[in-house]
1. Please give the contour-minus-distance gain from ALA46 to GLU189: 0.36 nm per residue of separation, less the Cα-Cα distance, rounded to one decimal in nm.
2. Which one, VAL238, LEU274, SER411, projects farthest toward the positive side of the charge dipole computed for the chain from Cβ point charges (K/R +1, D/E -1)?
3. Once you sort the root eigenvalues of the Cα gyration tensor of the range 245-340 as a ≥ b ≥ c, which label holds: rounded (a/c under 1.5), prolate (a/b larger than b/c) or oblate (the other case)?
4. Say R0 is 51 Å: what FRET efficiency, to the nearest 0.05, do ALA219 and GLU115 get from their beta-carbon distance?
5. In degrees between 0 and 90, to the nearest 10, how far off the longest principal axis of the chain does helix 320-331 point, with axes built from Cα atoms?
6. If packing is taken as the average count of other Cβ atoms within 10 Å, what order do 272-285, 362-375 fall into, highest mean first?
7. Reachable lysines from LYS228, Cα under 26 Å, same-chain residues fewer than 8 places away excluded?
8. Using a 10 Å cut-off on Cβ atoms, rank the peptides 454-461, 486-493 from the highest mean neighbour count down.
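Where a number appears in this text, it was derived from the coordinates with a stated rule and is not lab data. All values derive from a computational prediction rather than experimental measurement. Methodologically, a virtual Cβ is constructed for each residue, glycine included, from the backbone with ideal geometry; neighbour enumeration extends over all protein chains shown.
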Amino acid sequence: MTDNSIDPTGVLPRRIDVRSPASSARLRARYRADTRFRWYGVAALAIATSFLAVLIADIFAKGLPAFWQHSLRLDVPLSAGIIDPEGKRDRTMLLGADYMGMAKSALAGAVPGIEGRAAKKQLNEILSTGAGDELRNAVVSNPALIGQTVSTKLLLSDTADLYLKGEGTRISQTAGTRGIATPSGTSGEITVLTSANDFSEALQAVKKDLQSKATALVAEADRLERLKSSEAAERIGVLRAEAKELQVRVDNPNSDESLDPNIPSRLVAINGGLVKVTKLSNSGITGGVILPLASASDAQPGTWQVQTYETPESNRNVKDAVVAYLERFRIQGQIEKGFNWLFFTAGDSREPELAGVRGAIVGSVLTLLVTLGACLPIGVLAAIYLEKFAPKNRLTDFIEININNLAAVPSIVFGLLGLAIFLNFFGLPRSAPLVGGLVLALLVLPTIIITARAALKSVPPSIEEAALGVGASKQQAIFHHVLPLAMPGIMTGSIIGMAHALGETAPLLMIGMVAFIVDVPQSITESATALPVQIYLWSDLPEPAFQAKTAAAIIVLLAVLFIMNGTAIWLRKKFEKRW
């Protein structure tokens, strides 16, 4: 088949043979180009989806542990002399009692034999500073419990909670199989000797750790030498001296070793207690008692083993003694894991295990209510005027251009505007949802005007013309007929605008909503914070537990955003009309 085409000069017709080899080659090339373009699109979509999947997976992996929390179940005597010495059952006195002191006393009773101020301090480190809150709530709600002993859950500290979630150290155990170990005491600094060289394996393991450390020091010194920095010369000498000292100890395999926090800790479990090794030889150890030993008459002879905390104590937040206490309670079945309701019912706190997002959520809700109340009526009325009533002239063109430009202005500019106008000029309260809502209303207003105008345009002109034809005024035709039909689109745009406002941080930082707020705000004029600002604050804190809290708060924020955007899609599908 041939095709006729007019010559560019307009004189002679040009015949194109679409069956020629050259034409077929061009056709195949176009098909190949189309196929490549489709695959480029699929590849781009796959890459974007993979990045999103990795991001969400990382957030969930870090944040999900924050939705669970560990506690310690103990029997706590509720002493009437401490809680209510006058017996008046006055609520103020009940609230002010020393419940934390009673929790610590119960903890000390659960691990008898702990001596020394430092040891008791380490034992108390496993409890949160809010461990007594559960006791307080129980007593205030039921004063009849005073004088009784109640079984209650005591909240663990953030370091203890993280350890129980697996962010501590792996523990390996090696049982003594040849000799009988004999401790010199039951508490304090003691020695443990065996009738055979049962600690030789542990000693060789320590030598191996020292060899690894010496190798790492030499590698670091070599790296600094390659930099050829004059400032690093002194550091290189120190590293090589330390490595040489360690190598001397390694080359003498039978010499005694003193253990420090920079190598894995060794502990000896014997006679129902636990001894942390400070000095190790082939046939014995010297160390401090962490968990008191039973007396020789009560203990079973020959029952002992060596435990290794494989992560050095200097490289983890939880100390050896705290690990020992937690493992003792876990073996006894006193550690309980439950959903972290406190995360949703508490406000911000300096203690990670007590921090929650309730205050931030309430602050966000109050801020969005102000935003919606300020920008929705103004935005819809402005859209109606510009679309239906405003004359088409240079002024309205200028207004429309600036509305479109405002939709692309960086959000921090609106924060600076709010700081200058609402705080400095009008003197409104700083860090209040009222100011935050007004600033976000300025940010969202262009979006609502644009989406509302688009919704009004989508209504067929015949509806307005029919209303005018039967005698309705221009205003009646717009508000009684056009606006109700455009409302689903307006609602969709408003919800998307509110979702945009919910995720904004920079404007709120500029007006002071970055403050540390513990109490939940009760009105739009009280100091408050918002969920994205709370995430920003937690992400800057050094405690590891706050990193999980940050990811968990991001999950909550994403869930709210998904719900809001899903609602917008549902409204559009439900009320959408096909003209």
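1. 45.2 nm
2. Farthest towards the positive end: SER411.
3. It comes out oblate by the Cα gyration axes.
4. Efficiency, from the Cβ-Cβ distance: 0.75.
5. 80
6. Descending mean neighbour count gives 362-375, 272-285.
7. LYS213, LYS244
8. 486-493, 454-461
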